Amino acid sequence: MTEDAPRHVRPYGDTTGDGMIQLSFTLPVAPGPHAEAAAAAFAAKMGLDPAMVVHAKGVGERFTFFVVYGRSPVILDLDEVKVVEREFPLLTAKEINLKIRSRLKRRMVVVGATVGTDAHTVGLDAILNVKGFAGEKGLESYRELRVVNLGAQVDARDLVERAVSERADALLVSQVVTQRDAHLQHVREVADALTTGWPARQRRPKLLVGGPRFDPASAAALGADRVFAKGTTPREVASYLVHELPAGGPARRSR
Amino acid sequence: MTARAPLLHLDQRTVRKARKLAERAAAPVVELARTHTTTSVERAVLRLAGLTGADAEGIPWVNRLVDAVAADVGLEHGVALPVFDALASGEHADLATLAQKAAAGGAQFRLPAGVGHQRARRLAQRAVGAGIGRIDRARKDRDVMLRRLGDPPKPWIYLIVATGDIYEDIPQAQAAARAGADIIAVIRSTGQSLLDYVPEGATREGFAGTYATQENFRLMRAALDEVSRELGRYVRLTNDASGLCMPEIATLAGLERLDMMLNDCMYGIIFRDINPRRTFIDQRFSRQIHARAGIVINTGEDNYLTTADAVDAAHTVVVSQLLNERFGLEAGLQDWQLGLGHAFEINPALPEQFRLELAQAQLVRELFPHAPLKYMPPTKHMTGNVFFGYLLDAFFNLAGVLTNQEIILVGMMTEGIVTPFLSDRDLALENVRYVRDACAGLAEDFVPARGGFIAQRAAQVLAESVELLERIADEGLFTAIADGTFGITKRPADGGRGLDGVVVRADGYYNPAGALLEQAGPVGRPA
């Protein structure tokens, strides 16, 4: 921010400080004068003064859609605005591929599975399948990632064994349906299997865990490197993987 | 309305060559499908024979019975002979009882010979023939409704509904129909394509979609029949026949009178990592069912462009369309049943983007003059700027109207941002209606200059398509798929899910449905 930028701001319509905003919304009210008055009242309760309902249109018989312009009384102190930092930057697919190529000099290998009793691959596939999730393509769509999707109900030791033979850079473990904290137990099993089964001279792969029941702060307690909560997109996972790459030259690998 | 005079003056020898090459590329794959079966094909046979329901864990009886037969005698002779042989013994009251006993280990299967073989064959044919008869009746019912209520004029407006809860979907679908939708697509729960069974009953929870089940199909079709009568036009219903249960879902769609089905020859392979061989075998059977049921298939070429660049990979779309056409016609579908897919996905920042889109859309229109093309709105270049997204959707609608696309999927300005709001859907329909009405008849004024930008671009894409088809015909389709030709994703023929459900047919393989459907379907391309 430059020195002379104001600390206190309001939305800008066409004049400094006018506080003008636009919004659109639908109310479950049949179209008519009553609906329009309801929309104006709703906008007023949001603090808009004046509030102008510039457009009202019935959507079916029970709903009305509105466009409203109005002045918001909110004044924002920019010093109060804190940016919540992810510990890694969110990169584009292109940047992710480029970084892997320049830092690793080979494709990064990702092995994924749901372990133990969980047969639900919804989360795993949302992250791995090309189809992806929330409009983002899955990790398979990244040219510089090689994805090995082992599917459901994989034994922790089998997962680690496969990861060794694939020379994995990362393990993705997904747990969707769980009872009596089985998901925590399953992740610990993978972490233990990694400790005992991973060749000492190779760089240990990152262990990533995902699922709706995990506490994002519990990574260390589980023996994992990172926990991803519900709503995580493939690009976030890929950005994290790139962030965790060793800086500089390629990882030493005896091939 | 579709067979308009061609505008692009494509070299017809090149067009014929492209079709010949597609036929050559498809031939070994068709041969594979004719000589193999899968667990899902066999389960579809049992569904046609009338077996429904599931055990306490929700696993359908068709799965239990096929597994039991496979364990005793294998599936290489088909499930029909061992099952109806066991039924003929008189120890089991009906198919459902047999399945329950088999699941509990209380039934033995054998491959009948001699008189027993003839008897089992007769029984199987009768039972499965009854299922095909139900599909035929559903098709007649549709014809009657279309005659009575009238078929809406094209382009048909295609709208997606999918809350996860069928009882929530129903009023939304009815509202969408009242607001102008001609086709309602209920998209499936994320991950259903990877389930190796079809869930049972009415379902109320799904992930970003509603499970495809026979009961959900029935409920939604009944609700749309009701609103069709109210509106005086037949509202069509669509779902997905894809994934590991493609043949079974096609069968359920035929039984419950769905009107269209998403059914692509390569989508599951590329986007869901389903084994390529499994997919092609399942696909052929599912298309035979669709042909019989009078269902229009929708193919998924639009999806390639969500990963690959729409300009650089334009020819892969055309190649896939030609392959889908070939596989479809071979399975007995007719041209009017081939809803070949394509999309408006060129980067809007590119100069002359709209002309490039028109070239592609018109090329596809002229290559497949009798197919009801399904045109998909922009998704890849929809950003959080909903205002620009609305503009882009209007241009998409305009391209659709100018080039006579027949099935227009309604683009949402919130595509890829949030689940569409009620108002987003309404605004989107307003957009389509405005363009369709304001530009009614404008297609007759759309005459690209001979040898101009649009004609040249179309010719170039066609030439690239022929080049790629030559490579595929020489190397084989499986090699091309393994090399990442489509959707820039590599899928080896032995990889992916579901290969363990593929079985080589033995001499004497018997599938009463396959036998009935092979007789019926017109094979080959009309001159």
Worksheet item: Got at least one residue in region B:390-405 being within 14 Å of another protein chain (Cβ to nearest Cβ) and either among the hydrophobic types (A, V, I, L, M, F, W, C) or open to solvent by 10 Å² or more (accessible area, probe 1.4 Å) (or both)?
Response: yes
Worksheet, complete the sentence: Given the conditions (1) within 30 Å of A:P234 (Cβ to Cβ); (2) modelled with pLDDT of 95 or more; (3) polar (S, T, N, Q), every one holds for A:S72 apart from (1)
Worksheet item: If you go through region B:54-67 one residue at a time, do you hit one that is open to solvent by less than 50 Å² (accessible area, probe 1.4 Å), farther than 21 Å from B:L111 by Cβ, small (G, A, S) and modelled with pLDDT of 95 or more?
Response: yes
Response to the item:
Note on B:P369: of the conditions (1) outside any loop (DSSP other than H, G, I, E, B); (2) surrounded by fewer than 22 Cβ atoms within 10 Å (Cβ to Cβ), unmet is (1)
Worksheet item: Checking A:V109 against (1) within 14 Å of chain B (Cβ to nearest Cβ); (2) surrounded by fewer than 22 Cβ atoms within 10 Å (Cβ to Cβ), which single condition isn't satisfied?
Response: (1)
Worksheet, complete the sentence: Being touching a residue at least 40 places away in the same chain (Cβ under 8 Å) and open to solvent by 10 Å² or more (accessible area, probe 1.4 Å) narrows B:M376, B:M382 down to just B:M376
Fill in: Scan of region A:112-140 for residues that are part of a loop (DSSP other than H, G, I, E, B), open to solvent by less than 20 Å² (accessible area, probe 1.4 Å) and either without any contact (Cβ under 8 Å) to a residue 40 or more places away in the chain or within 14 Å of B:D273 (Cβ to Cβ) (or both), ordered by number
A:N129, A:V130, A:G132, A:G138
Item to complete: Quick one: which residue in B:V466, B:V447, B:V503 is open to solvent by 50 Å² or more (accessible area, probe 1.4 Å) and modelled with pLDDT of 90 or more?
Response: B:V447
Worksheet item: Has region B:239-251 got at least one residue that is more than 14 Å from chain A (Cβ to nearest Cβ), among the polar types (S, T, N, Q), touching a helix residue (DSSP H, G or I) at 6+ places or on another chain (Cβ under 7 Å) and within 24 Å of B:Q334 (Cα to Cα)?
Response: yes
Worksheet item: Right, B:A181: part of a helix (DSSP H, G or I) and either closer than 14 Å to B:A223 by Cβ or within 14 Å of chain A (Cβ to nearest Cβ) (or both) or not?
Response: no
Response to the item:
So, first residue on the phi > 0 side of the Ramachandran plot in region B:58-79, second residue open to solvent by 10 Å² or more (accessible area, probe 1.4 Å) and among the acidic types (D, E), Cβ within less than 7 Å, six or more apart or across chains; the pairs are B:G58/B:E200
Practice prompt. With respect to B:A173, determine if the residue is within 14 Å of another protein chain (Cβ to nearest Cβ) and more than 17 Å from B:I59 (Cβ to Cβ).
Written response: yes
Practice prompt. Among the candidates A:V154, A:V147, A:V164, single out the residue that is within 12 Å of chain B (Cβ to nearest Cβ), surrounded by fewer than 24 Cβ atoms within 10 Å (Cβ to Cβ) and either without any contact (Cβ under 8 Å) to a residue 60 or more places away in the chain or among the basic types (K, R) (or both).
Written response: A:V147
Practice prompt. Only residues that are over 21 Å from the mean Cα position of the chain (by Cα) and outside any strand (DSSP E or B): list them for region B:502-514, please.
Written response: B:R505, B:A506, B:D507, B:G508, B:Y509, B:Y510, B:N511, B:P512
Discussion item. Contact list please: Cβ distance under 8 Å, first residue in region B:427-442 and within 14 Å of chain A (Cβ to nearest Cβ), second residue open to solvent by 60 Å² or more (accessible area, probe 1.4 Å) and of a type outside the set (A, V, I, L, M, F, W, C), pairs at least six apart or on different chains.
Written reply: B:L427/B:Y390; B:N431/B:Y390
Practice prompt. Residues being more than 16 Å from B:G50 (Cα to Cα) and either aliphatic (A, V, I, L, M) or surrounded by 16 or more Cβ atoms within 10 Å (Cβ to Cβ) (or both): count how many of those fall in region B:90-102.
Written response: 2
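Test B:L48 against the criterion of being over 29 Å from the mean Cα position of the chain (by Cα) and buried (at least 17 other Cβ atoms within 10 Å of the Cβ), and give yes or no.
no
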Worksheet item: Has region B:256-266 got at least one residue that is at pLDDT below 95 and within 14 Å of chain A (Cβ to nearest Cβ)?
Response: yes
Item to complete: Starting from residues that are of a type in the set (S, T, Y) and under 19 Å from the mean Cα position of the chain (by Cα), keep the ones in region A:116-144 and report whichever is farthest from the other protein chains (Cβ to nearest Cβ).
Response: A:Y142
Worksheet item: Just for region A:35-60: of the residues that are touching a helix residue (DSSP H, G or I) at 6+ places or on another chain (Cβ under 9 Å) and within 14 Å of another protein chain (Cβ to nearest Cβ), which one is nearest to B:P420 (Cα to Cα)?
Response: A:V59
Worksheet item: Taking the stated definitions as given, is A:R101 in a loop (DSSP other than H, G, I, E, B), away from chain B (no Cβ under 14 Å), surrounded by fewer than 19 Cβ atoms within 10 Å (Cβ to Cβ) and of a type in the set (K, R)?
Response: no
Worksheet item: Quick check: is even one residue across region B:490-499 closer than 19 Å to B:E31 by Cα, within 14 Å of chain A (Cβ to nearest Cβ), open to solvent by 30 Å² or more (accessible area, probe 1.4 Å) and outside any loop (DSSP other than H, G, I, E, B)?
Response: yes
Worksheet item: From A:V68, A:V54, which residue is of a type in the set (A, V, I, L, M, F, W, C), within 30 Å of B:Q174 (Cα to Cα) and surrounded by 17 or more Cβ atoms within 10 Å (Cβ to Cβ)?
Response: A:V68
Item to complete: Test B:A440 against the criterion of being more than 28 Å from the chain's Cα centre (by Cα), more than 26 Å from B:K20 (Cβ to Cβ), at pLDDT below 95 and open to solvent by 50 Å² or more (accessible area, probe 1.4 Å), and give yes or no.
Response: yes
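Restricted to region B:199-213, and to residues that are within 14 Å of chain A (Cβ to nearest Cβ) and under 21 Å from B:A44 (Cα atoms), which residue is most open to solvent (accessible area, probe 1.4 Å)?
B:Y211
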Worksheet item: Does A:E87 satisfy being at pLDDT 90 or above and either acidic (D, E) or open to solvent by less than 40 Å² (accessible area, probe 1.4 Å) (or both)?
Response: no
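The values are calculated or read from the model by the stated rules, or taken from the named source; none is laboratory data. This is a predicted model, so every value here is computed, not measured. Here the Cβ is made from the backbone with ideal geometry for all residues, glycine too, and neighbour counts use every protein chain on show. Note: accessible area is taken over every heavy atom of the protein model, side chains too, but ligands, DNA and RNA are not part of it. Shrake-Rupley method; radii C 1.70, N 1.55, O 1.52, S 1.80 Å.
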